[in-house]
Amino acid sequence: MKETLEQIRREALAALEGAGSAQELETLRVQYLGKKGELTAVLKQMGKLSPEERPVMGQLANEVREALTASLARRQQELEAAGLEARLAAEAVDVTIPGRRPALGHKHPMSIALDELKEIFIGMGFQIAEGPEVELAEYNFTKLNTDEGHPAREWGDTFYMREDSSLLLRTQTSPMQVRTMEQQRPPIRVIAPGRVYRKDEVDATHSPMFHQVEGLVVDRGITMADLKGTLNTFVEALYGKGTKTRFRPHHFPFTEPSCEVDVQCHACGGAGCRVCKGEGWIELLGAGMVHPKVLQGVGIDTEIYSGFAFGIGVERMAMRRFSITDLRLIFENDMRFLSQF
Ligand code: DAH
């Protein structure tokens, strides 16, 4: 029995020492110290020993058990420590590695120009309205005093969506004048920014899709003086105090009288140069006093109310603001261009 115990001690200690995982350790514990283990099997035979031998063997057996238990615990700790080391090494973060700069986006130049424009009109108490890009001809033309047969309604200029010319991609934001007045009674002070479409060939100053901002003010006693004051305030906010404007007579079907508004050329101060094509002035927008027919069409009493309206070409404004010489750059979305803003 002594030999058996010594052998178990030798073999078990060697095996425990060599165990490479918690799993292996558990198998060894069961093999030697478990209820059906080798050491337990020996202890069960104690009864057969003589009374003199029994305490001696008992003591030896205890020593072996303690040795195995201690070895098992030590090996367990070693494996846990090694496991932790390995995990720390694997999950290590090197805080000295230079960071990767996140790629930050920014606004498109058209959005910058549009936001500035909205900001200026919001500051003057205007509200912002939005309307459909697919519009009824009724709103794009008829209700704007542009009856059937008017040259502006020709198929060559407009993207129609139906054979009978009743539905189209809006050619202007002006239908928002009518939509606004149908939903809201005076006093009205709104701007309506958005896309408009025309059958134009693409070149440095034309695109079949572009942006306009429509403006509409309707109230008691609104005159041309209010129109001039509002637009002069807008132009000075946009291009700086003292910027001169020029109001030229013009014709639009839905305003009477109508005008076009030019700003004095920023490049030459009015003397005439390449930027303004020798004119000294740059065209900025169309405007006028809302035609009585348009007001009456939405049931507004022209004896009490009057109004003014204007339509700004946003691309033209943005091109001037950022000194962009070719309209196509705005829509091509070439990063070399966009990253400059
Ligand atoms: N809708 C016109 C255009 O597309 C611009 C315009 C002119 C708008 C006069 C207006 C206005 O509101 O009063 O050319």
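Before moving on, here are some points about what is shown:
- Count of residues meeting criterion [in a loop (DSSP other than H, G, I, E, B), open to solvent by 30 Å² or more (accessible area, probe 1.4 Å) and more than 25 Å from residue 147 (Cβ to Cβ)] in segment 279-292: 1
- Pairs with Cβ under 9 Å, 6+ apart, first in segment 60-75 and at negative phi, second open to solvent by 80 Å² or more (accessible area, probe 1.4 Å) and of a type in the set (Asp, Glu): 71/17; 75/17
- Boolean, residue 154 is open to solvent by 30 Å² or more (accessible area, probe 1.4 Å) and under 25 Å from residue 308 (Cα atoms): no
- Residue in segment 95-102 that is open to solvent by less than 90 Å² (accessible area, probe 1.4 Å), under 54 Å from the mean Cα position of the chain (by Cα) and not assigned by TED's automatic domain parsing to the domain that holds residue 32 present: yes
- Among the residues of segment 298-324, those that are more than 15 Å from the ligand (Cβ to nearest atom), in contact (Cβ under 8 Å) with a residue 40 or more places away in the chain and not in a loop (DSSP other than H, G, I, E, B) comprise 305, 318, 320, 321, 322.
- In segment 5-40, the residues that are of a type in the set (Ser, Thr, Tyr) and surrounded by 15 or more Cβ atoms within 10 Å (Cβ to Cβ): 32
- Looking only at segment 42-57, residues that are surrounded by fewer than 12 Cβ atoms within 10 Å (Cβ to Cβ) and either free of Cβ contacts under 8 Å to residues at least 24 places away in the same chain or touching a Pro at 6+ places or on another chain (Cβ under 6 Å) (or both) come to 7 in all.
- Wholly enclosed helices (runs of 4 or more DSSP H) of segment 87-188 bearing at least 3 residues within 23 Å of residue 312 (Cβ to Cβ) and in contact with a strand residue (DSSP E or B) (Cβ under 8 Å, 6 or more places away or on another chain): 109-123, 175-183
- Residue within segment 297-308 that is at pLDDT 95 or above, open to solvent by less than 10 Å² (accessible area, probe 1.4 Å), farther than 18 Å from residue 323 by Cα and out of contact with any Pro (no Cβ under 8 Å at 6 or more places or on another chain) present: yes
- Screening segment 189-278 for strands (runs of 3 or more DSSP E) wholly inside it with 3 or more residues that are within 14 Å of the ligand (Cβ to nearest atom) and open to solvent by less than 20 Å² (accessible area, probe 1.4 Å) returns the ranges 209-220, 255-264.
The values are calculated or read from the model by the stated rules, or taken from the named source; none is laboratory data. None of these values were measured; they are calculated from a predicted model. Don't worry about glycine lacking a Cβ; one is built from the backbone with ideal geometry, like all the others, and counts go over all protein chains shown. These accessible areas exclude ligands, DNA and RNA; they are computed on the full protein's heavy atoms, side chains included. Shrake-Rupley method; radii C 1.70, N 1.55, O 1.52, S 1.80 Å.
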